[in-house]
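All of the numbers you see were taken from the coordinates with simple rules; none came from a lab. Since the model is a prediction, treat every value here as computed from it, not as a measurement. Neighbour counts are summed over all protein chains in view; Cβ atoms, including those assigned to glycine, are modelled from backbone coordinates with ideal geometry.
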Amino acid sequence: MIALEVVVMLAVAVIAVGVVRTRDPLPQMLVFLLYGCALAVLFLVLQAPDVALSSIVVGLAYPVMILLTLAKIRDRRR
């Protein structure tokens, strides 16, 4: 079980670096969505299902709001 925890923690760390390194907002939102899913998996591995569930809700709601905001901003520019 410890090996699985280490693998998931490393995956979360790598994806977090990807979120920070991505400059364009749309790809960054997609990487952030993947980061939220990885965090939820990490919380499930660490046997914290309540935290995983709240992480999934926030991880899905935030990127959707960003996507709607980007769509509205891009419509105004046209």
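Details
- Debye, to nearest 20: dipole size of the chain, +1 on Lys, Arg Cβ, -1 on Asp, Glu Cβ: 640
- Positive-end residue of LEU53, PRO27, VAL7, charge dipole of the chain with Cβ unit charges: PRO27
- Rounded to the nearest whole angstrom, the semi-axes of the ellipsoid equivalent to the range 2-77, taken from the Cα gyration tensor as √(5λ), stand at 28, 15, 5, largest first.
- Estimated distance in nm for a label pair at LEU67 and ILE2, the labels positioned 7 Å out from Cα along Cα-to-Cβ: 4.0
- Potential lengthening of the chain between GLN47 and MET9 amounts to 12.3 nm, from the contour at 0.36 nm per residue minus the alpha-carbon distance.
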